[in-house]
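Notes to accompany the following structure.
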Amino acid sequence: MAHQQGRIDEAERIYREVLAREPGHPIATHYLGLAAWQRGDVGTAEERMRAALATDASIPDFHNNLGLLLRDTGRVDEAIACFRRTLEVDPRWFEAHNNLGLALEAAGRFDAAVDAYRAGIAAQPAFAPARQNLGRALLALGRYAEGWGEYRWRLLAQGLSRTPPDPAARPLPASLAGRSMALIAEQGLGDVLFFLRFAPELAARGARLAFRGDARLHGMLARTGHFPLGLDVDAAPAPGLEAIPIGDLPWLLAAHDAARFPPPLALAPRGDRTARVRASLEALGPRPWVALTWRGGIASAGPSRTQVKQAPLEKLGQALRGLPATWIGVQRLPREGEYGRIAEALGAPLHDLGGANDALEDMLALLACCDRYVAVSNANVHLRAGVGGPVDLLVPQPPEWRWGVAGERSPWFPEAAVYRQRADGDWDEALATLTARLAAALHRG
């Protein structure tokens, strides 16, 4: 109970007391390993987990948790074997199907991942995490009609709803005349910006719209003219309005044909901020001004899935070395020493303007002024898509669904060129292609 409630110190003390009475006790040993992982000590965690398995290999959770650790430390094939072993030990352990699917995605085997998620759902039809992940995998594969239906389970999977999606619900009709809707933000800021591309179609069908979400977006959304019923924060009531979770919009609007996907929602920066940003950039150096971000997402420790997307710092700097540009760092929350490391590899100054992340209107203006943006997927990529302009997008493995599993373009981001890390972790080919194409573009500019 103490461990489940996050009281790791207390839990570790109890496990050690058990081991003092019963040396080698497999459960206490295993969960001491899990606690070590949550503290970031992966080596000790693996050692203890393997010791527990050597004592008792009949407990499916031991195999499953070791598989999670191996997956998140890059040993994907070993992780896949652990999840398969979990199911051999106990075929009813349906969570292992979901974990197997995530590991197969990490190995670039999306079709096999779909099969794993379906197996988990067959064992437990209301297993929301597997349904959400099935939806993501199908979307990554371009199977949109199936994918959006399963993606509706994300609200239950993420604890944003207590009930499964309504099986009687239907997509929206062609005419929405007379209907008033509040688009409810969910997930991260980038996801909100992504799904707002569907707002103009709702308005074109006759709906009148309001927005409930992050106040930092209100000014730029007000300037679009698509929200005549107003903008308010997430928790604000919406009396008289149909509440529409924003991630349901592709399903409600039957966004099945990639050739007809709506473009990113057009965003206009404020003129005063644009003038101020442009003056700052001119003081830093000549055009082209190229913005740079090397990491996005949220780090996690322990068995929760990591969401960090990162390009290799020094290799990225070396790939960009010698290109004719003034480099603008827009990395949010850089780690100590990162700017110095990448600047050294770049062989040129990297001007830190990441403070603009604290005011999205400033970041919108900055990205509107920059000539190009080299980045991993993050909220600023969605802001850049809103103001337009080339993006050179580095996609780590496994890719987010919006970037698909292959190809040099995404149907969702027509101005973004995609450079993909290989499934084996290698970045060399992607970075060499980035160097060649960016050099040609900058010299033309």
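All of the numbers you see were taken from the coordinates with simple rules; none came from a lab. Source: prediction; values computed, not measured. Reconstructed Cβ throughout: ideal geometry from the backbone, glycine too, with neighbour counts over all protein chains shown.
Laid out as a table, the results:
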| item | result |
| --- | --- |
| Ascending count of other beta-carbon atoms within 10 Å, so fewest first, for Leu217, Leu367 | Leu217, Leu367 |
| Debye log10 I(q)/I(0) for the range 55-133, one point scatterer per Cα, at q = 0.22 Å⁻¹ | -0.92 |
| Principal-axis tilt of helix 95-106 within the chain, Cα atoms, nearest 10 degrees | 50 |
| Residue order, fewest to most beta carbons within 10 Å, for Tyr15, Tyr117, Tyr144 | Tyr144, Tyr15, Tyr117 |
| Loop-located chymotrypsin sites (Phe, Trp or Tyr not before Pro) in the range 25-69 whose Cβ has at most 15 other Cβ within 10 Å (DSSP) | none |
| The range 1-151: radius of gyration and largest Cα-Cα distance (Dmax), Å | 16.9, 57 |
| Cα lying deepest toward the dipole's positive end in the range 122-169, options Ala168, Ala130, Tyr144, charges on Cβ | Ala130 |
| Under 15 Å, Cβ to Cβ, from Pro286 - net charge with Lys/Arg +1 and Asp/Glu -1 | +1 |
| Fewest-first sequence of Leu253, Leu87, Leu284 by Cβ atoms within 10 Å of each Cβ | Leu284, Leu253, Leu87 |
| Degrees separating the helix 271-284 axis from the principal Cα axis of the chain, which is the longest one | 80 |
| Rule-of-thumb Rg ratio for the range 188-298 [Cα; 2.2 N^0.38 Å; N residues] | 1.29 |
| With 10 Å bins from 0: P(r) over the chain, alpha-carbon pairs, percent | 4, 18, 26, 25, 18, 7, 1, 0 |
| On Cα atoms only, tilt of 8-21 relative to the major axis of the chain in degrees | 20 |
| Per DSSP, loop trypsin sites (Lys or Arg not before Pro) in the range 366-445 with at most 11 further Cβ within 10 Å | none |
| Cut-off 11 Å between beta-carbons: net charge of the residues surrounding Ala266, Lys and Arg +1, Asp and Glu -1 | +2 |
| Calculated diffusion of the range 271-444, Stokes-Einstein form, Kirkwood radius summed over Cα pairs, 10 °C and 1.306 mPa s, µm²/s | 97 |
| Cα shape, the range 364-428, gyration tensor, a/c 1.5 rule | prolate |
| Longest to shortest principal axis, alpha-carbon extents of the range 101-190, angstrom | 48, 28, 27 |
| Where trypsin sites (Lys or Arg not before Pro) fall in DSSP loop in the range 195-302, at most 12 other Cβ within 10 Å | none |
| Radius 12 Å from Cβ of Leu364, net charge of other residues (Lys, Arg +1; Asp, Glu -1) | +3 |
